[in-house]
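The values are calculated or read from the model by the stated rules, or taken from the named source; none is laboratory data. On a predicted model such as this, the values are computed, not experimentally measured, just so you know. Backbone-built Cβ (ideal geometry, glycine too); neighbour counts: all protein chains shown. Only protein heavy atoms, including side chains, enter the accessible area calculation; ligands, DNA and RNA are left aside. Shrake-Rupley method; radii C 1.70, N 1.55, O 1.52, S 1.80 Å.
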Amino acid sequence: CIGLTSVEDCEENPAQATQTNVDIANRIAGVCNKMEIKLVHISTDHLFDGTNAFSDEQTQLSPLNTYGKTKGEGEQAILANNPDALVIRTNFFGWGPSYKASFSDKILKNLEAGKQNNLFDDVYYTPISVKTLSEKIALLIDKEAKGVFNICSNERITKYQFGLMISKVFGHENTLLHPSSIDEVTNLTLRPKDMSLSNHKLCAFLGTSIPSLEDQIRVLKHDREAQKERLVIPYGRQDVSEKDIQTVVDILRSDYITQGPMIQQFERKVADYCNAKYAYACNSATSALHIACLALGVGKGDLVWTSPISFVASSNCALYCNAAVDFVDI
């Protein structure tokens, strides 16, 4: 899923777009090919100029912007470097992570807050839910598929029509949804007005069909309601006091940033707390674990046990010393 997905950011930073969408993707493809790991690369539906509806896997690429151009180049590089890879062209919707709201998240948030949604009524696409997308990818992997596949819905709709479906399924008033034109937006990077894809190859290959968009959105609603009933246990929760913050500020204003008397004070307090003769401050727990392995003489031919339910450094500290890792039960 790696990619610089902002059309505007790609246009402003073409070098970064190339590095992310082409170079890094190509390196990952090469590694997966060498390690015999199945690679599934999520591409985009921004690959065409928008003059035709339901573009299929054989349609010649004709991107209008840097984002589409680099995603297309990324596809070609991946398949040249890893012929067994799966390249998935799609446009998906679903619940976004806490730090980044998805398109459907933004629509619902505005509807629930009673705010107006201005949605393009002249931009067409064939969106699919993340859940349906994942299910179809799993089936393709099971059938050892490779190459380019479009995974999308059957319905070609506008962004405004998608908003109407969201509103209907979640029981909100349509009056908060207003159709608008992408042509009315100034200083916007050129985009295709029709990004619809054809899923005929996918359905024929799998011998299956795609649920209706309305049914997919109903599942989205059901998942949200089920999520409210789940207990979420956080990975971790920091405890930073005002005194902690002020201490950091005082050090930043002092003559010492990376070394100095505060380091020795900190190390002495840690040593005293642990009833140890010495303590050594590191830049990270990763470095501390690495040093611990070195102090223990861990090296090639050794086997280190650790838990699979942990941060990656728990195993990397052994790998840094050329030792092998064996994951044991928690």
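Remarks
- Long pairs among K136/K193; K131/K193; K115/K168; K69/K201, criterion Cα-Cα beyond 20 Å: K136/K193; K131/K193; K69/K201
- In loop segments of segment 186-235 as defined by DSSP, the GluC sites (Glu not before Pro) with at most 16 further C-beta atoms inside 10 Å of their C-beta are E229.
- Within the accessible area of the chain (1.4 Å probe), percent carbon and sulfur: 54
- Using the 1.4 Å probe convention, the accessible area of segment 182-330 works out to 77 Å² per residue with neighbouring protein chains retained.
- Cβ-derived FRET efficiency at R0 56 Å, L252 paired with E173, nearest 0.05: 0.65
- The separation of segment 233-312 from segment 4-66, counted between C-alpha centres, amounts to 40 Å.
- Between L319 and E12, the simple spin-label model (points 7 angstrom out along Cα→Cβ) gives 3.5 nm.
- Computed extension length for E214-Y273: 15.2 nm, one decimal, from 0.36 nm per residue of separation with the Cα-Cα distance subtracted.
- Near-label residues of segment 291-308 by backbone N, under 11 Å of a point 7 Å along Cα→Cβ of Y280: 291-296
- Label-point gap, in nm, between K131 and R224 - each point 7 angstrom along Cα→Cβ: 1.3
- Using C-alpha pairs under 8 Å with a sequence gap of at least 6, the mean separation divided by the residue count of segment 264-329 gives a relative contact order of 30 percent.
- Loop-located GluC sites (Glu not before Pro) in segment 68-162 whose Cβ has at most 10 other Cβ within 10 Å (DSSP): E144
- S102/V240 FRET efficiency (R0 35 Å; Cβ-Cβ; nearest 0.05): 0.70
- Against the chain, whose longest principal axis comes from its Cα atoms, helix 103-112 is set at around 80 degrees.
- Each of A80 and D122 was given a label point 7 Å from its Cα along the Cα-to-Cβ line. The distance between the two points is 3.7 nm.
- With Cα atoms defining each centre, segment 165-227 and segment 87-122 are spaced 9 Å apart in the structure.
- Protein heavy-atom accessible surface, 1.4 Å probe, per residue over segment 31-133: 49 Å².
- Percent RCO, i.e. relative contact order, over the chain, from Cα pairs under 8 Å lying at least 6 residues apart: 15
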